[in-house]
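Worksheet: the structure to be examined is printed underneath.
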Amino acid sequence: MADKTIVSDEMAKKFETERDTPYERWVRSEGLDIVPANYIRNLRTVDLKPWASRAGRGIFINHEASRHSNDCYVCEIPAGAKLEPRRQIFEEMILILSGRGSTTVRNNAGQGVTFEWKAGAIFAIPLNCWHQHFNGSGAEPARFVAVTFAPSVINMYDDLDFVFGNSHDFKKRFSGEPDYFSTKGEQNGFLLQTNFVPDAVNLPLIAAKERGAGGGHIRFNMARGALASHISQFPVGTYKKAHKHGPGAHVIILSGEGYSLMWGEGEEPTRYDWEIGTLIVPPNATFHQHFNSGVTPARYLAFKHSSPRNKQGVPMSWISRRLGGNQIDYADETPAVRKIFADALAKNGLQSRMSEAYTRELETLPPKREVAA
């Protein structure tokens, strides 16, 4: 999406020295680029560069606002190889995009565990633990995408020795438990507390009527961290309600075919078609909406910074704008949304299955009120 908040060169010059951040300087020192993208068609095929310090290949993909909250990078482990071990005092969550392999995690006291993974696995690195990734294939590279709190932490401390060379063990996060990366988990409402999901594509979900269209949802707390993540799925011929939230949401398509719309307040939407492996990064406070126009259920994973919540702890992006939240009810969406969807379905010989969702919403729809711009 084009940035329309452009000011004069004279005004911009007054803030020029504040534009470059310690985080961006660190990425450059690693010999890598930051792709300032809201959309990558396929993370499994995006071009990477040699990443000498990790003995692999990589690239960073961050929208402007996410360079100050949480970041995203793609890394590839060469066939039959391993990455260099690393520790850091920022959180990290990983989705395996392709390949198979294993990861060893140990704390600074030497307590550790090794676990295996394949494409579709999700796990988190416990805070400040040494970790090393190994490719289990001698013929094919393995590739993963990770989201971390690196920008917030590196910008805060501006001391790489402290960030990557700190010997403190966060014992509440990890103490060498042998079953730490097992598939066990504790479910509480939408939240699944676990450290490892072996197959995100087929993980059972919970009905989430609040997001519309009869979809499923599950949220994760991994490695006892604060980095947020969730999976959502919606049936053929349906779409989710539009909403907005803070920066740093990295939405990765796990299954299905469709598109997303993104727009700022009062703007026309921009369409982004997606497939398995697509990355979509909605900018801060930008409305976005996801549509399944394919012949199978669509599922995505979102790694993100924390979202604003109401005093009851409910994300504002789940609450109707009619109640002061940041979600647009189906009844309040523009006619263009349904027209675009109908046209997209027709190309695949499908019809909308949204009539029941529209009707069901009317049963509990709050009274309409003026919404502040």
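The values are calculated or read from the model by the stated rules, or taken from the named source; none is laboratory data. Since we're looking at a predicted model, the values are computed, not measured. For neighbour counting, all protein chains shown are included, and Cβ atoms are generated from backbone atoms with ideal geometry for every residue, glycine included. Ligands, DNA and RNA are stripped out before the accessible areas are found, and what is left, the full protein with its side chains, is counted by its heavy atoms. Shrake-Rupley method; radii C 1.70, N 1.55, O 1.52, S 1.80 Å.
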So what is the relative contact order of the range 214-373, in percent, for Cα pairs below 8 Å that sit 6 or more residues apart? 26 percent
With the cut-off at 21 Å, tell me which of the pairs 49/82; 304/347; 171/311; 118/304 have Cα atoms farther apart than that. 304/347; 171/311; 118/304
Can you tell me the relative contact order of the chain? Whole percent, Cα pairs under 8 Å, sequence separation 6 or more. 14 percent
Mind listing the phi-derived Karplus ³J(HN,Hα) values for the range 257-268, rounded to whole Hz, using 6.51, -1.76 and 1.60 with θ = phi - 60°, and x for any glycine or proline? 9, x, 7, 10, 10, 9, 7, x, 3, x, 9, 7
What percentage of the solvent-accessible surface of the range 266-352, computed with a 1.4 Å probe over protein heavy atoms, is contributed by carbon and sulfur atoms? 52 percent
Output the peptides 132-138, 355-361 sorted from most to least packed, where packing is the average of other Cβ atoms within 10 Å over each peptide's residues. 132-138, 355-361
Length-normalised contact order of the range 186-294 in % [C-alpha pairs under 8 Å, at least 6 apart]: 24 percent
Largest first and to the nearest Å, give the Cα extent of the chain along each principal axis. 58, 55, 42
Rounded to whole Å, give me the distance from the Cα center of the range 124-161 to that of the range 309-340. 35 Å
Can you send over the carbon and sulfur percentage of the accessible area for the range 1-57, probe radius 1.4 Å, protein chains only? 54 percent
Beta carbons within 10 angstrom, averaged per residue: use that to sort the peptides 8-14, 292-298, 93-99, highest first. 93-99, 292-298, 8-14
Interchain or long-range residues, amide H under 5 Å from residue 258's placed H: 274, 293
What are the extents of the Cα atoms of the range 108-220 along their three principal axes, listed from largest to smallest and rounded to whole Å? 49, 40, 27
Taking every pair of Cα atoms in the range 272-332, average 1/r, invert it to obtain the Kirkwood radius, and report Rg/Rh to two decimals. 1.00
Could you sort the peptides 236-246, 205-215 by per-residue average Cβ neighbour count (10 Å cutoff), highest mean leading? 236-246, 205-215
For the range 70-185, give the percent of accessible area contributed by carbon and sulfur heavy atoms, probe 1.4 Å, rounded to a whole number. 50 percent
Using the heavy atoms of the protein chains and a 1.4 angstrom probe, tell me the accessible area per residue for the chain in square angstrom. 46 Å²
Approximate shape of the range 209-301 as ellipsoid semi-axes (Cα gyration tensor, √5λ), whole Å, largest first: 19, 18, 12
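Given N residues in the range 76-164, what is its alpha carbon radius of gyration divided by 2.2 N^0.38 Å?
That ratio works out to 1.12.
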